[in-house]
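*Asks:* Shown below is the structure under consideration.
The values are calculated or read from the model by the stated rules, or taken from the named source; none is laboratory data. Computed from a predicted model, the values in this text were never measured in an experiment. Glycine also receives a Cβ, built like all others from the backbone with ideal geometry; neighbour counts cover every protein chain displayed.
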Amino acid sequence: MKHWEYHPEPVDTCFGCKAMGLQMNAGDANSNLRVSTRKWDKELEAYRSARAQGIQPAGTSMKKINEAVRKSEQVGKAFDATTSSFKG
């Protein structure tokens, strides 16, 4: 169906005319909102390093990882955020 065959000029009360003026976009999938690969890799490596030392951070963000590592270093034992205790 060709909408413009019914009326060649846009009509304010016509839904078809209004719908033809819509523009679609990616919304929240916009690539500008994604975490940079460099930041992602840095956080992932810090998390892997903490887990290799027996540390269990409360999350995968740098803030949570650094907090768990700091607590572990202060006490001298691996911190486990799931139980809020130290291992060993």
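*Asks:* Of all residues in the range 45-88, how many are over 22 Å from the mean Cα position of the chain (by Cα), hydrophobic (A, V, I, L, M, F, W, C) and in a helix (DSSP H, G or I)?
*Replies:* Of the residues in that region, 3 qualify.
*Asks:* Considering only residues of the range 8-27 that are surrounded by 10 or more Cβ atoms within 10 Å (Cβ to Cβ), in a loop (DSSP other than H, G, I, E, B) and out of contact with any Gly (no Cβ under 9 Å at 6 or more places or on another chain), which is modelled with the highest pLDDT?
*Replies:* Once the filter is applied, the top-ranked residue is CYS14.
*Asks:* Name the residue that is nearest to LYS39 (Cα to Cα), counting only residues in the range 52-72 that are surrounded by 18 or more Cβ atoms within 10 Å (Cβ to Cβ) and out of contact with any strand residue (DSSP E or B) (no Cβ under 6 Å at 6 or more places or on another chain).
*Replies:* That would be ILE65.
*Asks:* Return only the number of the condition from (1) modelled with pLDDT under 95; (2) in contact with a helix residue (DSSP H, G or I) (Cβ under 7 Å, 6 or more places away or on another chain); (3) hydroxyl-bearing (Ser, Thr, Tyr) that THR37 does not satisfy.
*Replies:* So the condition that THR37 fails would be (2).
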